[in-house]
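Reading through the structure tokens given below for one structure.
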Amino acid sequence: MTRSTGIRPFALLVALVVATPAFAHPDTGDFVQSAFLLAPEIVGCTLEDGTQTQCHKITVGYLPGGLKIGLFCPATLDDAGGIWEWTGENSGLYRIDGDFLRMLDGLGYRFFDDDENVYSVDNATERPTVDHACINVSVDESVEITMLLPVDPMMAVTPTQLGTVGKVGVALDGVPIFSDAPSIQMTGHMPALDTCGGHVDPGGWYHWHATSTDMATVFATEDVDAVCALEQNASAQFGYAFDGFALYGSREPDGSEPAGLDQCNGHVAPVADGAEVYHYHARETFPNLPPCLVGVQAQGNFTTTATAGIGAQRAGQDGRNEPPRPEGGAGGMPPDFEDAAVVLGVAPQALLDALGGPGQQPDLATAAEKLGVTEEALRDALPPPPNP
């Protein structure tokens, strides 16, 4: 649905939020308390702009107790798995089933063998041996995740675009939230999402790429035959963004349609207790997370005890004796991309962002200029492109 309301200028939003700071604080009491491995505490922290302040420190596990996840990859073309947003020809949100995979095959992306068995890879223990595989990662129950949320959120000078695998925030049940997973065109593979929009990182912990408590709105809008098992409520608060501002579904707490949303899909408006507070809203189409964050995040706001993925502690640093899981980014970012980033001396996320968003063909000359390297060096460092 296209909203007819105007977009509120960012500078005006900054003024409005600064004028109402008492209502902008995240509250750890809003979370499901059983999600915490340790009691939340307030610690000193440094924001990305250098501001010294205080943050809520919360520690959660690989998966909240009782949360049912999956299905992700179907076993055969006769089965139905999770969902995927395809960004090429015939773009849209799809259930991962035989019709979708045959459509991809017609476009040159074959995810199944001659017996119609789907190529599926556990990115925690193995690497794909085919050009196109469905990624289905196993969990690591030992993983702990530590996150920081500013006690007093601050508006940034300009919004931060989230891009691919950007850190969005944390849901009220303790599940981390990230922006778009790498596209099939970028990696060759499909890190399948379940019908609540989540999957397991190569580090072994579950996270979402969607406002999962408002997936019913998305499925209705995009005409997808799927159901998220979580309780659906388009008016409920879903979590907090890493800048400290709240994340809501596609409706206001009173059920009305949000008005005056900014470029990050947020605005200042009354919430459940009637306070005028800046908060984000889900979109009605997938991906339904904010495309950017208006506030300043804390440095080092996401760390894990895993040996792979975003926020990971590398092998030998966590005191565990088991073999490390293959390195890779959240959502199935292949290890070769992290290797290329090391060779180039840049962050893996910066490399992905420079190469373009999901579905875009990378412009190596432009990407090299953004990264401050030569086009030849970039070309030599990158893994060979997947065969379509």
Matching entry among His56, His132 (being in contact (Cβ under 8 Å) with a residue 40 or more places away in the chain, buried (at least 17 other Cβ atoms within 10 Å of the Cβ) and in contact with a Phe, Trp or Tyr (Cβ under 7 Å, 6 or more places away or on another chain))
His132
Given the structure, is Ala216 of a type outside the set (Asp, Glu) and free of Cβ contacts under 8 Å to residues at least 24 places away in the same chain?
yes
Can you find even one residue in the range 90-98 that is out of contact with any strand residue (DSSP E or B) (no Cβ under 7 Å at 6 or more places or on another chain), within 19 Å of Pro191 (Cβ to Cβ), surrounded by fewer than 13 Cβ atoms within 10 Å (Cβ to Cβ) and small (Gly, Ala, Ser)?
yes
Would it be correct to say that Pro128 is in contact with a strand residue (DSSP E or B) (Cβ under 8 Å, 6 or more places away or on another chain), more than 30 Å from Ala39 (Cα to Cα) and either at pLDDT below 90 or small (Gly, Ala, Ser) (or both)?
yes
Is one or more of the residues making up the range 16-36 of a type in the set (Val, Ile, Thr) and at pLDDT 95 or above?
yes
Hits in the range 207-240 (condition: over 20 Å from His281 (Cβ atoms) and either touching a Pro at 6+ places or on another chain (Cβ under 6 Å) or crowded, with 24+ Cβ neighbours inside 10 Å (or both))
His207
Out of curiosity, is Gly316 assigned to a loop (DSSP other than H, G, I, E, B) and either buried (at least 22 other Cβ atoms within 10 Å of the Cβ) or at pLDDT 95 or above (or both)?
no
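The values are calculated or read from the model by the stated rules, or taken from the named source; none is laboratory data. Because the structure is predicted, anything quoted here is derived from the model rather than measured. When we count neighbours, we look across all protein chains shown, and the Cβ atoms used for this are built from the backbone with ideal geometry, even at glycine.
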